[in-house]
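Read the structure below first, then the notes.
Each value in this text was obtained by applying a stated rule to the coordinates, not by laboratory testing. Quick caveat: nothing in here was measured; it's all calculated off a predicted structure. Methodologically, a virtual Cβ is constructed for each residue, glycine included, from the backbone with ideal geometry; neighbour enumeration extends over all protein chains shown.
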């Protein structure tokens, strides 16, 4: 059986106030072209189909159009689960009726407790669809007060699924959450935390009985400890922390004996997301005009007149502007950490200026600061 694994489309996403729908439509059209080429039996979407619980109308229309093409034109079945960004009730609406057209949307515990069975020339393949479910929801459903973390919740559900797990020789898991082995994972700023204090982490070995595990939530395309446990990553780069990530999807060929072979397909966006750095004049003078989304770090010292306006003459989609001098506050030790309460405000300002500008204040500046400070003190006494 040939499976295509994708995830985290986040349709309806806003990035720095910019609607990404046009970019998503372009990327999904390219995805459909490649989907037709590789001709899978089933498409898996591992959660976060929408970016928010109440998606905008444009996002709903886009998803409806894409699903119709996959199901009707390409005749490919779809198994999709709810992620932490999705509203499970809205996403799961009419899911029973849609099964007749080959669309399986799993968004709640009841649906997760029964596998989806598909067939190929070698027989049955059982898909165990595990949407995002917070521990409190699982605890209430099973009336089990021992369920306190995502690990507890997943163990509980897999325990209930044991009879099915023993009944099928070929098994695929679909899960939306934070799965870890022993390695560091690629994470980004656009991934919404599932919980605090590490209670969202699930051990990868819970999936050891599956021939393949299709993960969603982390936006970097990567494996977790085993080749058969993988995040497909997000459809597009959704934050500048993802600027070095490659985006695409995974083709999984599942053999009769349960062995899998993995192929990664890349997708190129209409507009890339890039970070640039340098002096404003250099960035403007030595660069070709580009529609990419840009985060610019300016290394100039002193005041600049309308730097973002000047950048947008070359990079019209400049979304973020950073002055490097502000970053120095994080990297240089300030005397504020050494008993700043004992220092005079003028001394603190001098130290602040040095951290920001990288050198001492100009001669004669103290006189002006002292005059300002005296005015402030006088206002305090009057007020």
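A compact table of results
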| quantity | calculated |
| --- | --- |
| Calculated [θ] (222 nm, deg cm²/dmol) that DSSP helices of n ≥ 4 give over the chain, each run adding -39,500 (n - 2.57) | -8500 deg cm²/dmol |
| On Cα atoms only, tilt of 57-68 relative to the major axis of the chain in degrees | 30 degrees |
| Relative contact order for the chain, counting Cα pairs under 8 Å that sit 6 or more residues apart, in percent | 14 percent |
| Two-site FRET efficiency, residue 136 against residue 110, from Cβ-Cβ distance with R₀ of 22 Å, rounded to 0.05 | 0.85 |
| Proxy reagent accessibility, fewest Cβ within 10 Å first, across 244, 206 | 244, 206 |
| Cα-based convex hull volume of the stretch 271-331 per residue, rounded to whole Å³ | 78 Å³ |
| Angle between the chain longest axis and helix 345-357 axis [Cα atoms, degrees, rounded to 10] | 60 degrees |
| For the chain, share of DSSP beta bridges that run antiparallel, in % to the nearest 5 | 35 percent |
| Nitroxide proxy distance, nm - points 7 Å out along Cα→Cβ at residue 285 and residue 22 | 3.2 nm |
| With Cα atoms, 0 to 90° folded angle of helix 150-160 axis to the chain main axis | 0 degrees |
| Stretch gain in nm, segment residue 243-residue 263, where the contour uses 0.36 nm per residue and the Cα spacing is subtracted | 4.9 nm |
| Distance from the stretch 102-146 to the stretch 239-294 (C-alpha centre basis), Å | 32 Å |
| Kirkwood-based shape ratio for the stretch 197-298, expressed as Rg/Rh from alpha carbons | 1.14 |
| Geometric extent, Cα atoms of the stretch 72-136 - Rg, Dmax (angstrom) | 12.7, 41 |
| Contour minus Cα-Cα distance for residue 160 and residue 361 (0.36 nm per residue) | 65.5 nm |
| Sorted by Cβ density within 10 Å, fewest first, the residues 152, 120, 8 | 120, 152, 8 |
| Distant alpha-carbon pairs in the stretch 2-266 (separation over 35 angstrom), percent | 9 percent |
| Distant alpha-carbon pairs in the stretch 1-139 (separation over 19 angstrom), percent | 51 percent |
